[in-house]
Amino acid sequence: MSRANDSWFNRRGWRDTIITAPYLWLVLFFLIPFIIVIVMSFAKTATQSPPFAFLPDWPYVRFETYERLFTNSVYIRAGLISIYNAAIATVLCLLIGYPMALSITRANKSMQRLLLMLIILPFWTSFLLRVYAWIGLMGRNSWFNKWLTSAYNVLVPGNWELPAIQMMNTNFAVVLVMVYSYLPFMVLPLYANLEKLDTTLNEAAMDLGSRRWQVFRDVTLPLSIPGIIAGGLLVFIPAMGELIIPSLVGNASDPMIGRVIQQEFGQNRDWPMASAVAVALLLMLVVPLIVYNHFEAKAQAGAKS
Amino acid sequence: MAESEPSPSQGDFIRIEGVTKNFGTFKAVDNVSLNIGKGELFALLGGSGCGKTTLLRMLAGFETPTAGRIFIDGQDMEGVPAYDRPVNMMFQSYALFPHMTVAANVGYGLKHEDMSPARRQDRVKEMLAMVQLSHLADRKPHQLSGGQRQRVALARSLAKLPKLLLLDEPLGALDKKLREHTQFEIANIQYKLGITFVVVTHDQEEAMTLASRIAVMDRGIIRQIGAPSDIYENPNSRFVADFIGSINMVEADVVRVDGETVEVSAGQLGAHVKVLAHGWSPGERASLAFRPEKVTISRKKPAGAVNVLKGKVQDFGYFGKDSLYRIKLPTGHVLSVNAVNAERVAAEKAVATWEDEVYLTVSPASAMLFRSEA
Amino acid sequence: MKQRSTFLFSVLAFGLAFLYVPIFSMIFFSFNKSRLATVWGGFSTQWYGKLFSNSQVIDAAVLSIKIALLSATMATILGTMAGLALARFRQFRGRALMSGLVTAPLIMPEVITGISSLLLFIMMAEWLGWPGQRGFTTITIAHITFSMTYVTVIVQSRLAAMDMSIEEAAMDLGSKPWQVLRDVTLPIISPAVLSGWLLAFTISLDDVVITSFTTGPGYTTLPMLIWSKVKLGVTPDINALASVIVTVVAVGVAISAVILARADKRRERDIQMAIAANK
């Protein structure tokens, strides 16, 4: 055995304990459960406990759930709604979060610290309660809804006037609350990225005759693409699989995919179907990540040469 | 551990025998053999990636040689982990423990020795006094300046009185003034304690002032070992001559050999030059080299001298104690020449100025011949 | 180039208002006398009184804190080990799988984590006879699993940024591997370990989806209680509970921010002094 680099971290007993304990834990409580889900997606419901069964003979597995997944419009629709909602929420977070992050970098150091704390603070409070706060605002009797309704009524012709805007139990509410919940995830990586940019680049561009918006377009924006991608993923990924928000403020007839999984598993007791939808959702999340990693690797290879 | 006391060099206190280190397919150190005497201040000099740091880390025990053996004070180091070696290291980044005070940093290594707390404290005090930091014993590393951190690192690595101290670019992070001061301080401490020092550096001036012997390394092999003056005045190869200091180098053909005097024809100089050298025969290709300060520059043709070249001052730079001239020969080749400004004179009365015609003289003893390298 | 832009600052102001108006509105209506949570009926603190005398809420809060303390501590131990393994062991069998296992829970939707954990416990009960009843243990196991990877990510990035020659220096001065870990590595990464613990504690305290899948009869955590009440609509007592939680968190974060800012300033001053002293 080569004893190269004989540091504390390469001695036998220590090494084995430090690796094995977390490894075993993750295999037992994360990898095996996930394998169970994959296997389950090839079974069929049965009236027994637990409520599923495999074919008695070779090849044991059934592809029926996946057939239903691609033929039944419920699942396809839920997938599309999820992508739609997550994408809109990501774009809105970017539109609000980018100027916020940029303006934080322009403040002085102690002000930056305070502003960042204000952005992070809601994250440390309960997620559920932040959703709850919006339920209060969106209700038909709330001051916010009334205020919004009167603003709307001023703007539209008389016969379009509404007694109150229907906000709760709509897709709009889902997107709004997702933007609210995930905005810090967009602002923080963008800030980290923008804060590192060399301001002399802006000065150089100005010195060479660029106007301020041209400096932004030619210098700041291209250099902040890594931050935009990181923030976008941090919003898009959890938004895709969101369960709490659509369950509390969404419309039951336009379900997002997380809600479908829960319904199949809970109300319908169709564990194989719930598993198949879960596998599909995971694939939808992994694909953008692979694309991102690909670009990241390419960018790093480019930086090295 | 026995206290080491200054004693005359014994040639093979540290023996490196045919050591090779591969990282994958890359040969970082290639079959290096080297002996270092007790109490010596030895420098490994070379550019980045030449293998000097890898060699140092093998002495410390952080890397294991792929082949070859290392002996320290007669003991084979194979299989001896870093923490059991009588060797300490001063890291390039200093690697001070950020969460410990200066005194705790210096005393850390002593915790592993069989030593009473009182003696340990005394030793820490002694070490801090030696590097003149006694007043900062309770500070944390981030409260120190770069020079102070460097001295804490030195005190910490010496506290255990190792048989061998390794210094990785010890002055690399200091500014120029502090560097000159610290060079002498390190040399003094080494002389006082008599511990063997091995310094790794890429800075030839640092190596020259600090070390009693220097090994010049290049691409994993040692090109020359010798005293600083040896390496500068008698480089054994074109590479070493070029690497150390600045030099004028042209291609030449040997035309005549007369005892110790070799006459070469250098096309780029448009002249024949006589060189004191041996082991050459007519018809051989050679590189003719001479250092800028070994050339005499004059406006009048020197009477009776050999190796006189005529040229025009193309450019010159005034550095105070000396001036550097760029002289263009009739062939178009440009030579560098150093002249000491021994007297106080106004610029226009200097030895020469732009477009002046001047004569250059190189004595046969100052010129060198090298075989070309593949 | 620090220049003011009206546009940027108005978006910042809008964004902050967007983040805080719902929270302040919620706190405001917690002092509402009326039973109708969103229509103002006069000032009252009655909901706070009812909240603190509601044993159901207190029990749920105590259970949540117990689970969060235990799971955050376990997650920190396991997560730190995984971080050390990934940052300091260049090669070991299954390293690629391990780094995958450490990142996967971060992107895994909570529904899937919840269902897969539940399926594991059902299968284990089926084949091994354990766990017979789901509850405290199963919730804690599930929380440890998904929060330990956050600790790993934090510890791993701290270790990656740490100068490895500091560990080598300790070894060079005679420390055996475990002494290097105890004297140097762990003290230096301890801030990262602490923030990992805090994050694990918070996610455990906040989780509702995974908990709802892995819980059993009689074990209702605070978020689950809130969930069941919120589904029925907005009520002033939830407003009061929310206000208490928001206030506790805000005060905690503010205090730690002040402490951190002070430490930073002291450090900066020290560095300035050291530089000045050297000149």
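If ligands, DNA and RNA are left out, what is the accessible area of C:SER71 with a 1.4 Å probe, given in Å² to the nearest 10?
Rounded to the nearest 10, the figure is 0 Å².
Taking every pair of distinct Cα atoms and averaging 1/r, then inverting, what Kirkwood hydrodynamic radius in Å comes out for the range B:34-169? It would help to have the intermediate numbers written out before the result.
Values: mean 1/r = 0.0623 Å⁻¹.
After inverting the mean inverse Cα-Cα distance, the result is 16.1 Å.
Compute the length gained on full extension between A:LEU162 and A:ASP207: take 0.36 nm times their separation in residues and subtract their Cα-Cα distance, giving the result in nm to one decimal. Please list the in-between numbers first.
Working: separation 45, 0.36 × 45 = 16.20 nm, distance 5.42 nm.
Once the chain is fully extended between A:LEU162 and A:ASP207, it gains 10.8 nm.
Would you calculate a helix-derived [θ] at 222 nm for chain B, using -39,500 (n - 2.57) for each DSSP H run of n ≥ 4 and dividing by the full residue count, to the nearest 500?
Values: 8 runs with 79 residues, N = 374.
That calculation yields -6000 deg cm²/dmol at 222 nm.
Mind checking the dipole of the protein assembly as shown: about its Cα centre, +1 per Lys or Arg Cβ, -1 per Asp or Glu Cβ, Debye to the nearest 20?
Numbers: 88 positive and 73 negative charges, 387 e Å.
Result for the protein assembly as shown is approximately 1860 debye, rounded to the nearest 20.
Of the accessible area of chain B, with the probe set at 1.4 angstrom, what percent is carbon plus sulfur?
Details: 8550 of 17300 Å².
Taking all protein chains in place, chain B shows 49 percent carbon and sulfur surface.
Identify which of A:THR199, A:THR170, A:THR20 has the largest mean-square fluctuation in a Gaussian network model of chain A, with springs joining Cα atoms closer than 10 Å.
Residue with maximal mean-square fluctuation among A:THR199, A:THR170, A:THR20: A:THR20.
Which is farthest toward the positive dipole end of the protein assembly as shown among A:LEU80, C:VAL258, A:PRO222, measuring Cα position about the Cα centre, with Cβ charges +1 (Lys, Arg) and -1 (Asp, Glu)?
Value: C:VAL258.
Show me you know the interface measure: the accessible area buried between A and C, both chains summed, probe 1.4 Å, in Å² to the nearest 100. Write out the running numbers ahead of the final one.
Numbers: alone 19340 and 18240 Å², together 28870 Å².
The buried area between A and C, both sides summed, comes to about 8700 Å².
Is there a quick way to get the dipole size of the range B:93-171? I mean about its Cα centre, with the Cβ of Lys and Arg at +1 and of Asp and Glu at -1; what is the value in debye to the nearest 20?
Details: 12 positive and 7 negative charges, 25 e Å.
Here the range B:93-171 has a charge dipole of around 120 debye.
Quick one: net charge around B:ALA104, please, counting Lys, Arg +1 and Asp, Glu -1 for every other residue with C-beta under 12 Å from its C-beta. Could you put the intermediate results ahead of the total?
Working: positive: B:LYS111, B:ARG120, B:ARG139, B:LYS140, B:ARG156; negative: B:ASP138, C:ASP183.
Here the count lands on +3.
C:LYS66 to A:ILE32: FRET efficiency via 1/(1 + (r/R0)^6), r the Cβ-Cβ distance, R0 25 Å, to the nearest 0.05? Please list the in-between numbers first.
Values: r = 27 Å, r/R0 = 1.06.
So, using R0 = 25 Å, E works out to roughly 0.40.
Restricting to DSSP loop positions (anything but H, G, I, E, B) with no more than 10 other Cβ atoms inside 10 Å of their own Cβ, which trypsin sites (Lys or Arg not before Pro) remain in the range C:220-262?
C:LYS231
What accessible area per residue, rounded to a whole number of Å², is obtained for chain A using a probe radius of 1.4 Å? Don't skip to the end; give the middle numbers.
Details: 14790 Å² over 305 residues.
Value for chain A: 48 Å² per residue.
Go through C:PRO131, C:PHE146, C:VAL111 and say which Cα lies farthest out towards the positive end of the charge dipole of the range C:57-245; charges sit on Cβ, +1 for Lys and Arg, -1 for Asp and Glu.
C:PRO131
Indicate the gyration tensor shape class of chain A (rounded, prolate or oblate), computed on the Cα atoms with a ≥ b ≥ c the square roots of the eigenvalues: a/c under 1.5 is rounded; otherwise a/b larger than b/c is prolate and the rest oblate. Write out the running numbers ahead of the final one.
Working: a/c = 2.09, a/b = 1.11, b/c = 1.88.
Verdict is oblate for chain A.
Would you count, across chain C, every pair of lysines whose alpha carbons are under 30 angstrom apart, provided the pair is eight or more residues apart or spans two chains?
The result is 10.
So with the 1.4 Å probe, I'd like the accessible area per residue for chain B, rounded to whole Å². Please list the in-between numbers first.
On the way: 17300 Å² over 374 residues.
That works out to 46 Å² for each residue.
If you take the accessible area of C alone plus B alone and subtract the pair, what total do you get in square angstrom, rounded to 100, with a 1.4 Å probe?
Numbers: alone 18240 and 18630 Å², together 34610 Å².
Summed over both sides, the interface buries about 2300 Å².
Between B:ASN31 and B:GLU251, what is the FRET efficiency for a Förster distance of 35 Å, r being their Cβ-Cβ separation, to the nearest 0.05?
Details: r = 31 Å, r/R0 = 0.88.
Rounded to the nearest 0.05, the efficiency is 0.70.
So which of B:LYS300/B:LYS321; B:LYS111/B:LYS160; B:LYS125/B:LYS192; B:LYS294/B:LYS321; B:LYS301/B:LYS328; B:LYS300/B:LYS328 end up more than 19 Å apart, counting from Cα to Cα? The partial results should precede the final answer.
Numbers: B:LYS300/B:LYS321 23 Å; B:LYS111/B:LYS160 10 Å; B:LYS125/B:LYS192 17 Å; B:LYS294/B:LYS321 16 Å; B:LYS301/B:LYS328 17 Å; B:LYS300/B:LYS328 17 Å.
With Cα atoms farther than 19 Å apart: B:LYS300/B:LYS321.
With the dipole of the protein assembly as shown worked out from charges on the C-beta (+1 for Lys and Arg, -1 for Asp and Glu) around the Cα centre, which of C:SER175, B:ILE16, A:ALA107 lies farthest toward the positive end?
Value computed over the given set: A:ALA107.
Could you put B:GLU206, C:GLU126, B:GLU78 in order of accessible surface area, largest first, with the 1.4 Å probe and the full protein assembly present?
Numbers: B:GLU206 0, C:GLU126 105, B:GLU78 135 Å².
In descending accessible area the options line up as B:GLU78, C:GLU126, B:GLU206.
For C:ILE107 paired with B:HIS181, estimate the spin-label separation in nm (one decimal), with each label point 7 Å from Cα along the Cα-to-Cβ line.
A separation of 5.5 nm, rounded to one decimal place.
Summarise the accessible area of chain A (1.4 Å probe, protein heavy atoms) by the percent that is carbon and sulfur. Display every interim value, and only then the final one.
On the way: 9930 of 14790 Å².
Carbon-and-sulfur percentage of accessible area, whole number: 67.
Could you check the simple spin-label distance between B:ALA173 and C:ARG267, using points 7 Å along Cα→Cβ, in nm with one decimal?
Result: 1.6 nm between the two label points.
Can you figure out the FRET efficiency of A:SER150 with C:VAL39, using R₀ = 22 Å and their beta-carbon distance, to the nearest 0.05? Let's see the in-between values first.
Values: r = 16 Å, r/R0 = 0.74.
Working from the Cβ atoms, E equals 0.85.
Which trypsin sites (Lys or Arg not before Pro) in the range B:243-323 sit in a loop by DSSP (not H, G, I, E or B) and have at most 16 other Cβ atoms within 10 Å of their own Cβ?
B:ARG299, B:LYS300, B:LYS321
Residues of the range B:105-120 losing 10 Å² or more of accessible surface, assembly versus chain alone, probe 1.4 Å, please list them.
B:TYR108, B:GLY109, B:LYS111, B:HIS112
Taking the DSSP beta bridges in the protein assembly as shown as the whole, what percent of them are antiparallel, to the nearest 5?
Values: 64 of 82 bridges.
That works out to approximately 80 percent antiparallel.
What are the semi-axes of the equivalent ellipsoid of the protein assembly as shown, taken as the square roots of 5 times the eigenvalues of the Cα gyration tensor, listed largest first and rounded to whole Å?
Values: eigenvalues 975, 241, 173 Å².
Computed over the protein assembly as shown, the values are 70, 35, 29 Å.
What number in nm² do you get for chain C if you take the convex hull of its Cα atoms and divide its surface by four? Walk me through the intermediate numbers first.
Working: hull surface 93.0 nm².
With every direction weighted equally, the projected area is 23.2 nm².
To the nearest 20 debye, what charge dipole does chain C have about its Cα centre, counting +1 at the Cβ of each Lys and Arg and -1 at the Cβ of each Asp and Glu? Mind showing how you got there, number by number?
Working: 22 positive and 14 negative charges, 111 e Å.
Charge dipole of chain C: 540 debye, to the nearest 20.
Could I have the simple spin-label model distance between B:ASP315 and B:ASN338, label points 7 Å from Cα toward Cβ, reported in nm to one decimal?
Modelled inter-label distance: 1.9 nm.
Less than 18 Å apart at the alpha-carbon level, and either on another chain or at least 8 residues along: which lysines does that give for B:LYS21?
B:LYS52
Rounded if a/c is under 1.5, else prolate if a/b beats b/c, else oblate: with a ≥ b ≥ c from the C-alpha gyration tensor eigenvalues square-rooted, which is chain B?
On the way: a/c = 2.97, a/b = 1.82, b/c = 1.63.
Verdict is prolate for chain B.
The values are calculated or read from the model by the stated rules, or taken from the named source; none is laboratory data. Keep in mind that this is a model prediction, so the values were computed, not measured. Glycine also receives a Cβ, built like all others from the backbone with ideal geometry; neighbour counts cover every protein chain displayed. Side chains are part of the model used for accessible areas, which takes the heavy atoms of the whole protein and leaves out ligands, DNA and RNA. Shrake-Rupley method; radii C 1.70, N 1.55, O 1.52, S 1.80 Å.
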